[in-house]
Amino acid sequence: MKTRLLIFLLGLSFASHAQVDQIKSQSSSNATRSRSSSGEGSSGSGGNGGGFWFVLRSFQLIGAWQGEKLSHRDSVPQMVSLELMPQIAVQPSSYYLALPRIRGNWGLFSTDVRYNYLLQDNGGSWSDLSTVDWQILELNLVTTRSVTGRIGAGVLRERFGANQSFLEWTAGVQIFPRQSPWGGGGEFRYAKDHTTQMVPRREFSLHLERQFLQSGAWHASWILGGVYQKYYESITVWAIQTGVTFRLY
């Protein structure tokens with residue numbers, strides 16, 4: 001029985017240690033498929049005068065929506081803010097994730113940049129990879145004193161292999177209960193290569209936070225939660241997440 005348990009644990013350890021290399025291998029394979037498919041397709045051009053008026057009307061409606069949100073800034077001050085999030089995540093003896101992040105909020109709109117650095121302990125040697133994740137435009141569909149709900153779109157850039165870039169979608173919620181230092185939130189990320197139909201990464205995270213500082217425009221909270229990532233539909237990484245969130249508003 002002890003022998004079987006030891007074999008199982010060694011096998012599990014070996015599988016874990018190989019995962020960063022597996023992610024890089026899958027990325028290289030996907031890049032090869034993408035190049036082979038790049039010449040396959042067709043293009044065309046056309047015009048529709050109605051499209052211009054649709055775009056113009058859309059901008060008018062978005063402008064009105066933005067104005068309506070900003071009119072409530074006094075009661076929802078965090079809708080115009082800057083957030084700094086130096087955070088890490090750890091799976092003991094296996095993975096170490098650094099997830100520094102910055103987000104700017106302005107009423108209806110946000111933009112968010114994150115550096116995702118994964119370091120793996122191979123039992124005496126180390127392997128790593130990283131991505132830069134820029135949510136170019138996020139729409140804060142819900143902006144109340146207690147809840148912010150947003151969706152967004154941007155780019156995931158792999159800093160390994162062929163340095164590929166993919167469209168990434170996000171959806172997230174942040175909760176700020178009234179008269180309480182406690183809060184929390186969650187986020188879902190989904191990146192897809194539309195040439196090969198591969199999903200380079202999907203991610204889900206949840207966290208609790210507790211505010212420990214409020215001084216003038218500065219607010220700071222401890223966070224504790226978890227993050228789950230799945231690369232190329234086959235390689236999973238999970239870790240316990242912690243850090244600090246600084247908000248300036």
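In table form, for the structure just shown:
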read-out: Residue that is in contact (Cβ under 8 Å) with a residue 40 or more places away in the chain, within 23 Å of residue 109 (Cα to Cα) and not in a strand (DSSP E or B), where the choices are 189, 145; value: 145
read-out: Checklist (1) surrounded by 13 or more Cβ atoms within 10 Å (Cβ to Cβ); (2) among the acidic types (Asp, Glu); (3) without any contact (Cβ under 8 Å) to a residue 60 or more places away in the chain applied to residue 74, failing item; value: (1)
read-out: Looking only at segment 107-140, and only at residues there that are among the acidic types (Asp, Glu) and surrounded by 15 or more Cβ atoms within 10 Å (Cβ to Cβ), the one that is modelled with the lowest pLDDT; value: 121
read-out: Matching option when the condition is in a strand (DSSP E or B) and surrounded by fewer than 16 Cβ atoms within 10 Å (Cβ to Cβ), among 153, 162; value: 153
read-out: Condition check for residue 152: within 22 Å of residue 117 (Cβ to Cβ) and in contact (Cβ under 8 Å) with a residue 12 or more places away in the chain; value: yes
read-out: Output for segment 168-224, where each listed residue is of a type in the set (D, E, K, R) and out of contact with any Phe, Trp or Tyr (no Cβ under 8 Å at 6 or more places or on another chain); value: 178
read-out: Residues satisfying the stated conditions in segment 192-208, i.e. within 18 Å of the chain's Cα centre (by Cα) and either outside any strand (DSSP E or B) or within 13 Å of residue 181 (Cβ to Cβ) (or both); value: 208
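The values are calculated or read from the model by the stated rules, or taken from the named source; none is laboratory data. Bear in mind the structure is a predicted one, so any value in this text is a computation, not a measurement. With ideal geometry, Cβ positions are generated from the backbone for all residues, glycine too; neighbour counts draw on all protein chains shown.
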